[in-house]
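For reference, the structure is listed below as structure tokens.
Each value in this text was obtained by applying a stated rule to the coordinates, not by laboratory testing. What you see is a predicted model, and the numbers here were worked out from it, not measured in a lab. A quick note on method: Cβ atoms are made from the backbone with ideal geometry, for glycine too, and the neighbour counts reach across all protein chains shown.
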Amino acid sequence: AGPSARGPALLHITEGPDQWKVRQVLADPDGNHDWSMTGTVDLEASNEAGAAVVRLEDFSRM
């Protein structure tokens, strides 16, 4: 899928004070972009861990 599959066009972030809601649309060879993963990034836990702490909430067809 290449670099465009990881680019900002397919990543949606809603920033909040304590957490970010994120949705990653998955690139596919046919260009349908009909699957996505949604989750929450815990900012405090991420700062403590030194890496993103993400809770996956959904993986589904859009």
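If you stretched the chain out fully between Ser4 and Lys21, how much longer would it get, using 0.36 nm times the residue separation minus the C-alpha to C-alpha distance?
So the extension gain works out to 4.0 nm.
At a Förster radius of 22 Å, what calculated FRET efficiency corresponds to the Cβ-Cβ distance of Glu48 and Ile13, to the nearest 0.05?
Calculated value: 0.60.
For His33 and Arg61 in the same chain, what is the full-extension length gain: residue separation times 0.36 nm, less their Cα-Cα distance, in nm? Present the calculation step by step, with values, prior to reporting the outcome.
Details: separation 28, 0.36 × 28 = 10.08 nm, distance 0.90 nm.
Taking His33 through Arg61 to full extension adds about 9.2 nm, to one decimal.
Give me Rg/Rg_expected for segment 21-62, where Rg uses Cα atoms only and Rg_expected = 2.2 N^0.38 Å with N residues.
1.41
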